[in-house]
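Accompanying notes for the structure given below.
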Amino acid sequence: MTMRSIAILAAVLAAVPVLAQAADVKAGRGLAVAKCQTCHGLNGIATIAEAPHLAGESEIYLETQLRAFRSGKRQQEMMSIVAKDLTDEEIANLAAWYAAIRIEATMPE
């Protein structure tokens, strides 16, 4: 590997956000209890028809969507309110919690 290749690789890696490194699953669970379980369920299985299931979703996807709600880029009556005051750390923790839940799919016979 040349020095130029190493420099380019270092620049690319520096630009990639560190998503899961600082995430705290237990803190995410606490936030889910306080802010999310009414609609999305603590276990990530939605309790109302209008809310999506979150269990097992990609951590990157969840963080991206929560940031979009927080910034106003994505709008939904309830989520825009819930996400507007979340910090980056809280978003990472929530995403880590719901992504850590394992679900299983069974194909019909």
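The values are calculated or read from the model by the stated rules, or taken from the named source; none is laboratory data. What you are looking at is a predicted structure, and each value in this text was computed from that prediction instead of being measured. Glycine also receives a Cβ, built like all others from the backbone with ideal geometry; neighbour counts cover every protein chain displayed.
Could you list, in sequence order, all residues of the range 39-65 that are part of a helix (DSSP H, G or I), crowded, with 19+ Cβ neighbours inside 10 Å and aliphatic (A, V, I, L, M)?
62
Could you say whether any residue in the range 92-104 is aliphatic (A, V, I, L, M) and modelled with pLDDT under 95?
yes
Identify all residues within the range 69-109 that are among the basic types (Lys, Arg) and either free of Cβ contacts under 8 Å to residues at least 12 places away in the same chain or part of a loop (DSSP other than H, G, I, E, B) (or both); write none if there are none. Don't jump to the end; show me each part of the working.
Restricting attention to the range 69-109, the residues satisfying the condition of being among the basic types (Lys, Arg) are 70, 73-74, 84, 102.
Passing the criteria: 73, 74, 84, 102.
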